[in-house]
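Input: a single structure, listed below in structure tokens.
The values are calculated or read from the model by the stated rules, or taken from the named source; none is laboratory data. In this text the structure is predicted, and so the values were computed from the model without any measurement. Using ideal geometry, Cβ is built from the backbone for each residue, glycine included, and neighbour counts are taken over all protein chains shown.
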Amino acid sequence: MAERFLEAIQHDDIAELGPKLESFLAQEDGPCQGCNPLLIACEQSKVKCAMEIIRLKPELVWGKNQEGYSPMHFSSEDGLVPVVKALAELTVGLCHVRDNNSRTPLHVAALKGREEVVRTLVMACPESLKRMTSLQETALHLALKQKQYGAFEVLMKEIQKHKQEELLNWKDHEGNTLLHIATSHKQPQIVQLILNSTEVQVNLQNMKGFTALDLLNQNFSDSIDNDISQLLLQAGAKEGYALQSFEIQTHHHPQPPSPPIPKSPKFKEMMVLSLSSMTKSVLLAVFIFLAGATYSCLFSLTNIYPRENRGVELAAISFKDLISASHRLPKIFYFLVFNTVTFAGSMIVILLNTWSLVNEWSLCFRAIPMFVMGALLVSYALIVKEIIPKFWVIIGTYKISSFCVVWLYNLPVILFIVLVWVMVKHILSTFSKLRKGLRTNKSSNN
């Protein structure tokens, strides 16, 4: 008899479904013993059979499978609007049933982009808009993350209709609001839709301290990003470090202060926040290669600069002679200067990139790369000390070894590189602001 019922479900045939259903439920053995026939019908998207079973056996609507899916979940996922309406009319409590991931039927419908099901569920139970998954996601979060923009627009209309626009500022388990997600997905239309609400807070920060504007700047690359940037800035968006600066000032000044001038980001923030994740990965790979190449060069110097060809080792020279007659120094000395600059710079970039990959509270994980790179730097210095030509530079009553002179030569080279980097970044930033200003003037003239 179980086979006859399953065959009727497969063909969505409701003729004499009542007796077949009774026989199916009465079976005492077999692979289908204990199975919920309504779950079977809904899972296979058989609307007629599902509607008939709901009429004949309404108590079956509360059944669940091993994943926690109920008939309402299957119907919402597959877009079975008549079944969803019938279940909601039977009891509104079915709109609150959760699966093993704490997802309600509205969550499932939003994930699959079932727009009509979303309307039906919200109409039957507006409170379901506030239900969250185990990851603190609302239906709005899920629709946006799965790029179901049609369902998201339906949900936006529903929260406006039911006066629940505070949901726009709710955060998921990573602290991301809808504005964070829409900005990350580079969807200017969705960003505009969110910003049209007067309830949205544009400067909320996620668990990493990033605002929506921070996320945009990390991956700023094309005209779409420029459009989103204009939308956010017109809405009063700020970067995370500017907000922290403002909070510090308001903490020390109880009276409402004048609008603060945002502080310039620190060197580390400029390095980390201005680079996209892809750029960071490429930089990390390149500088790891450079660090390895410069380190391995030390072991082949004896072949490149044989000791007998390095010139006469100098016992001692004055600082004046070092400046005026620097050509007297062996070529290997200058090789070590530039090799050391490359190695030290590569280690700094590697440290900054690995540091930004770990949460701030994970001090032990940050200490590991610091210790490893510190040990590598010490071993590099010991090798340099052994192979560098031995001489002394006399400055007054002080004598400085050739090993220390190598590191002293590094300082002006490093400062020059940093100066060039800051100047280039400043020029590019100024050019970007001028370009944005020209586009704003054009748009206002139009």
For residue 232, state whether it is hydrophobic (A, V, I, L, M, F, W, C) and modelled with pLDDT of 90 or more. yes
Taking segment 271-282, which residues are at pLDDT 55 or above and buried (at least 17 other Cβ atoms within 10 Å of the Cβ)? 280
Of the residues 406, 422, only one is touching a Leu at 6+ places or on another chain (Cβ under 6 Å), at negative phi and modelled with pLDDT of 75 or more; which? 406
Report, by residue number, each residue of segment 371-414 that is over 41 Å from the mean Cα position of the chain (by Cα), aromatic (Phe, Trp, Tyr) and in a helix (DSSP H, G or I). 403
Can we say residue 151 is at pLDDT 95 or above and of a type outside the set (Asp, Glu)? yes
Which helices (runs of 4 or more DSSP H) sit wholly inside segment 113-191 and have at least 2 residues that are touching a Phe, Trp or Tyr at 6+ places or on another chain (Cβ under 6 Å) and surrounded by 15 or more Cβ atoms within 10 Å (Cβ to Cβ)? 139-145
Evaluate segment 13-24: report whether one residue or more is of a type in the set (A, V, I, L, M, F, W, C) and at pLDDT 95 or above. no
Of all residues in segment 193-211 being within 11 Å of the chain's Cα centre (by Cα) and either modelled with pLDDT of 90 or more or not basic (Lys, Arg) (or both), the one that is surrounded by the fewest Cβ atoms within 10 Å (Cβ to Cβ): 207
If you scan segment 157-185, which residues turn out to be under 19 Å from residue 105 (Cβ atoms) and among the hydrophobic types (A, V, I, L, M, F, W, C)? 159, 167
Given the structure, is residue 179 under 22 Å from residue 133 (Cβ atoms) and at pLDDT 90 or above? yes
Apart from one, (1) crowded, with 17+ Cβ neighbours inside 10 Å; (2) in a helix (DSSP H, G or I); (3) at pLDDT 80 or above; (4) in the same structural domain as residue 183 (by TED's automatic domain parsing) all hold for residue 246; the odd one out is (3)
Please determine whether any residue of segment 369-386 is at pLDDT below 80 and at negative phi. yes
